[in-house]
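Taking it in order: structure first as structure tokens, then the write-up.
A short reminder: the numbers here are calculations on the coordinates, not readings from a lab. In this text the structure is predicted, and so the values were computed from the model without any measurement. No Cβ is skipped: glycine too gets one built from the backbone with ideal geometry, and neighbour counts run over all protein chains shown.
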Amino acid sequence: MKFVYALTVATLVFAPGSVDGADWPAFRGPQGTGLSIDPSAPTHWGPDHNIAWKAPLPRPANGSPIVSNGKVFVTSAEDEAGRQRSLYCFGRHSGTKLWVKTVHFGKRMPTHKTNPYGGSTPVSDGQRVVVWHGSAGLYCYDMNGKELWSQDLGEFRHMWGYGTSPIIHQGTVILHTGPGKREFISAFDLETGQQIWETEESAEGGNGEKRADGKYRGSWSTPVLAHVSGRDQLILMMSSRVNGYDPNSGELIWTVDGLRHDQGDLAYSSPVIAGDICFVTGGFQGPAMAFRIGGDGNVTKTNRLWRNEKNPQNIGSGVCIDGYVYRPNAGPGTIDCLDPRTGEILWEDRGAGGDYWASIVGAGGLLYATNQKGTTLVFKPNPRAYEQVAENKLGESTNATPAISDGQIFVRTAGHLFCIQDKS
């Protein structure tokens, strides 16, 4: 069977020509889908095999690497308290540390031990790089590390920390801020940093960490872009529902209910677009559901196709190929394949064991799933059965999503940034 990456509805996050076609300039790649246009990527590696270079990082963090215009960017805190939050820039071919820009923040904000400071992934258009440091602010630099602008967006206090990532669309930086007492999605001019629009999400009671009934609440989801019925739409999992926005104005176009459940209102992963269908999984073993994209207002009754209340813990985002979704799970640690039209799980497999916090990525007709132990499984996108190609161990733990660019894979672990390349 021939597999073709399904990009029917998803649009490019970046304006044509703004980045190298082989770059991986944002969380989950150039289109926010987890899929690279590269015709191939390494399939076998280890601590001493097919490692082009590795560079030390000061502290563990969940933020993923990006690759843009010959450089690799990744976030990290310099100290355990998160009072110094940095953006690191490395040469992609040499691994040389080119520059570090550190933001000093006066407070120690709460977070969870599994989510150290530096949980956000930067984004670049090839000329600028933008990074969100949570309560420490939103910053934009040129490719040589010169600060171009910054925005103080307020304090975002949550016991589990922060982790959403900015994206770029048509010269605009779009950021879902939160979780916290105040949660909103906003857009900024990439060149000047001027805010263009802001749309706030109602907290519906509670304190930003918990609902009014004491159950957990929060969204760490990064939005994705889709092109539906002739218009661009920004799709985002908020804590209790999925919203569709106009990316040019921030107007809320439609909403679908269904993420709320008895453990709380939680969203960790990003939406997965499968043609004209959107598939999502709530956090803390929350509901999974799918719906047709489009319409106006609350379209739950007309557009929602199905909803399954109980699911594995889901933190990393899945990918869609040929209409099927491949999803990583964090408890139990499995990979599964499901039909987003019906919700039927076609297969699940424990692979190498361990929980999957990283999102699945793909290139060259293969998929890559990295667990917390730093083991990456390479498998074929086959809806009939799990078909493993390789199992690769780096020997260092990771929660970050790999980046695939021009025949190389970049993996951020607790202690290093690795560049993996097939030396043969």
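Between LYS97 and THR302, the contour length at 0.36 nm per residue exceeds the Cα-Cα span by 68.6 nm.
When each of ASP125, ASP189 is scored by the number of other beta-carbon atoms lying within 10 Å, the sequence from fewest to most is ASP189, ASP125. Normalising the average separation of contacting C-alpha pairs (under 8 angstrom, six or more residues apart) by the number of residues puts the relative contact order of the chain at 17 percent.
At an R0 of 60 angstrom, the distance between the Cβ atoms of ASP349 and GLU251 translates into a FRET efficiency of 0.90. For the peptides 373-383, 146-156, residues were scored by their other Cβ atoms within 10 Å and the scores averaged per peptide; the highest-first order is 373-383, 146-156.
Based on Cα coordinates alone, diagonalise the gyration tensor for the chain, multiply each eigenvalue by 5, take square roots, and list the semi-axes in whole Å, largest first. Don't skip to the end; give the middle numbers.
Values: eigenvalues 154, 138, 86 Å².
Listed largest to smallest, the semi-axes of the chain are 28, 26, 21 Å.
Looking at region 51-421, the DSSP beta bridges with both ends there are about 95 percent antiparallel.
Subtracting the Cα-Cα distance of ALA81 and HIS227 from their residue separation scaled by 0.36 nm leaves 48.4 nm. I want to verify a result. In a Gaussian network model of the chain, Cα cutoff 10 Å, which of these has the top mean-square fluctuation: GLU80, GLU391, GLU183? Maximum among the listed residues: GLU80.
Highest-first packing order for the peptide set 236-245, 290-299 is 236-245, 290-299, based on the mean count of other beta carbon atoms within 10 Å. Take the Cα of HIS104, step 7 Å toward its Cβ, do the same at ASN207, and the gap between the two points is 3.1 nm. The stretch between GLN170 and ARG182 holds 1.7 nm of extra length on full extension. This uses 0.36 nm per residue minus the Cα-Cα distance.
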